[in-house]
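To start, the structure under review is shown below, and the notes come after it.
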Amino acid sequence: MRCWGATVAVLAALSVGGCLYADTINGEPQARIGKSTPGPHYVGSEVTMTAFESTDPDHDVLSATWVAVQCEDAAGNSCPPDQSQIIGTKSDSVSTDFTFQVRDKTPVLVTLTVRDDRGATTQDWMYVEVQNRDPEVDLQRQPVGTEYTLGTSVRVVARGTDPDGDAPLYYAAQAKPPRGSLPDQTRFEKFSETSDEAIWELEPDVSGLWVVEVTVRDGTGADAGEVVKEIPVLFVDDAPPCVTATDPLAVSGASYVVDTAGGVRRFAVTSVSDDLDSYPAASGPYQGEAEFRWFIASPDTSGQFVAVSGNTANDYFVDPSAYAPGDVVKVRVEVIDRIERGPLPCADDIGMCSYTGDASCLQRVTWEAEIR
């Protein structure tokens, strides 16, 4: 007969055979870590661990002691259990969850020590991987708008943030042109950069849909996170200027009387709308002013329009004393902007004319005056 126990004492004085039993051998518990939160895990994530699968061969009541250590390196080789690196501890029943919050992008070493009623212990451990989140970026056009006139510039503003708090952020951008663009005729350059934002300025050479692609990275290594985002910038051709107001009102077929007793008569364009060259001129870095070309047809020119040399103002004065009563004088003005468009597509005897055939946007107006 074999007798098991923590201590076996053979009493020689006893004349009868048998065994003397003391306490049985205490079986070692088994610690098993489980993870309730599947991940991925990031800085700020709450991670919940479980120990309820831990067992004891003697069915003792088990307690669990947890320690979570934020490692110092990305490989998890240095995870010292000193106070500065410990991000969570707990002692409780194995049926109670353990939760900690990730503090950095390095792995977290979690150890579980399970103890039974009689002091036997065992350990299990697990690395919890922490991933880097990509930065985020918001893109804006300045000035705010849906389309821009060729000949102006647009600034693209990129404002970056990083959910992990990584700093500094690094910015890069490229301008993707439409067909027909020549790289050496386009200006695309960085205007300014901080960790919070970067600004580029685009001044293209052709109209069409341009796309600015911005890349933001939260580091310089191979494991750095990055985000790539695009913003469209539509450039349109500078449209012809439009005569929007005259004095007197220029009406096709109308005739004005100029009385010799009334003195000189003024004919003027008082308002011109244009993308860049309006009249009066608008304020802005790319704004100019419309220009005027005047023509006169009278008996002195045999009724043919002749350019008025040297007059680039917005008005022209007819002196009735220079003509005989009954003479018909025609005053014509053509308005131009900075774009060389060539001659207007109208015959010389057409008083009102537009490059586009739009009667609401005239580049030529003509007054007819009868001297009395």
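Could we say that Thr146 is among the β-branched types (Val, Ile, Thr), farther than 30 Å from Pro29 by Cβ, touching a strand residue (DSSP E or B) at 6+ places or on another chain (Cβ under 9 Å) and touching a residue at least 60 places away in the same chain (Cβ under 8 Å) here? Against the criterion (among the β-branched types (Val, Ile, Thr), farther than 30 Å from Pro29 by Cβ, touching a strand residue (DSSP E or B) at 6+ places or on another chain (Cβ under 9 Å) and touching a residue at least 60 places away in the same chain (Cβ under 8 Å)), Thr146 qualifies. Selection of the stretch 87-107 for residues being more than 16 Å from Gln123 (Cβ to Cβ) and either aliphatic (A, V, I, L, M) or free of Cβ contacts under 8 Å to residues at least 12 places away in the same chain (or both) yields Ile87, Val102.
Checked against (1) in a strand (DSSP E or B); (2) more than 25 Å from Val257 (Cα to Cα), Ala281 meets all criteria but (1). Among the numbered conditions (1) closer than 30 Å to Thr152 by Cβ; (2) out of contact with any Ser or Thr (no Cβ under 9 Å at 6 or more places or on another chain); (3) not in a loop (DSSP other than H, G, I, E, B), the only one that Pro343 does not meet is (3).
Scan the stretch 297-334 for residues that are in contact with a Lys or Arg (Cβ under 8 Å, 6 or more places away or on another chain) and part of a strand (DSSP E or B) and the total you get is 9. Going by the conditions given, is Arg341 surrounded by 19 or more Cβ atoms within 10 Å (Cβ to Cβ) and touching a residue at least 24 places away in the same chain (Cβ under 8 Å)? Against the criterion (surrounded by 19 or more Cβ atoms within 10 Å (Cβ to Cβ) and touching a residue at least 24 places away in the same chain (Cβ under 8 Å)), Arg341 does not qualify. Candidates in the stretch 228-267 are the residues that are among the hydrophobic types (A, V, I, L, M, F, W, C) and either loosely packed, with under 12 Cβ neighbours inside 10 Å or assigned to a loop (DSSP other than H, G, I, E, B) (or both); of these, the one that is modelled with the lowest pLDDT is Ala261.
Check the stretch 82-104 and report whether any residue there is at pLDDT below 95, under 29 Å from Pro57 (Cβ atoms), out of contact with any Leu (no Cβ under 6 Å at 6 or more places or on another chain) and not small (Gly, Ala, Ser). Scanning the stretch 82-104 turns up no residue that is at pLDDT below 95, under 29 Å from Pro57 (Cβ atoms), out of contact with any Leu (no Cβ under 6 Å at 6 or more places or on another chain) and not small (Gly, Ala, Ser). Please tell me if Asp275 is among the acidic types (Asp, Glu), surrounded by 19 or more Cβ atoms within 10 Å (Cβ to Cβ) and part of a loop (DSSP other than H, G, I, E, B). Yes, satisfied.
Residues checked against (1) farther than 30 Å from Glu340 by Cβ; (2) surrounded by 13 or more Cβ atoms within 10 Å (Cβ to Cβ); (3) in contact with a strand residue (DSSP E or B) (Cβ under 9 Å, 6 or more places away or on another chain):
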site: Asp164; (1), (2), (3): yes, yes, no
site: Ala173; (1), (2), (3): yes, yes, yes
site: Glu197; (1), (2), (3): yes, yes, yes
site: Val211; (1), (2), (3): no, yes, yes
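Against the list (1) assigned to a loop (DSSP other than H, G, I, E, B); (2) loosely packed, with under 14 Cβ neighbours inside 10 Å, the condition Tyr127 fails is (1). The set of residues from the stretch 219-254 being closer than 30 Å to Pro183 by Cβ and under 19 Å from the mean Cα position of the chain (by Cα) comprises Glu226, Val227, Val228, Lys229, Glu230, Ile231, Pro232, Val233, Leu234, Phe235. When the stretch 190-206 is filtered for residues that are among the hydroxyl-bearing types (Ser, Thr, Tyr) and either in a loop (DSSP other than H, G, I, E, B) or outside the structural domain of Gln140 (by TED's automatic domain parsing) (or both), the ones remaining, listed by number, are Thr194, Ser195. Condition check for Ser192 on (1) more than 30 Å from Val329 (Cβ to Cβ); (2) in contact with a Ser or Thr (Cβ under 8 Å, 6 or more places away or on another chain): one failure, at (2). So is Gln140 outside the structural domain of Lys229 (by TED's automatic domain parsing), more than 24 Å from Arg338 (Cβ to Cβ), touching a residue at least 24 places away in the same chain (Cβ under 8 Å) and out of contact with any Pro (no Cβ under 6 Å at 6 or more places or on another chain) or not? No; evaluated as a whole, the condition is false for this residue.
Please determine whether any residue of the stretch 178-189 is among the acidic types (Asp, Glu) and in a loop (DSSP other than H, G, I, E, B). The answer is no; no qualifying residue exists. Using the structure shown, decide if Asp164 is over 30 Å from Ala222 (Cα atoms), modelled with pLDDT under 95 and not assigned by TED's automatic domain parsing to the domain that holds Asp277. In short, no.
The values are calculated or read from the model by the stated rules, or taken from the named source; none is laboratory data. Because the structure is predicted, anything quoted here is derived from the model rather than measured. All Cβ positions, even for glycine, are placed from backbone atoms using ideal geometry, and neighbour counts span all protein chains on display.
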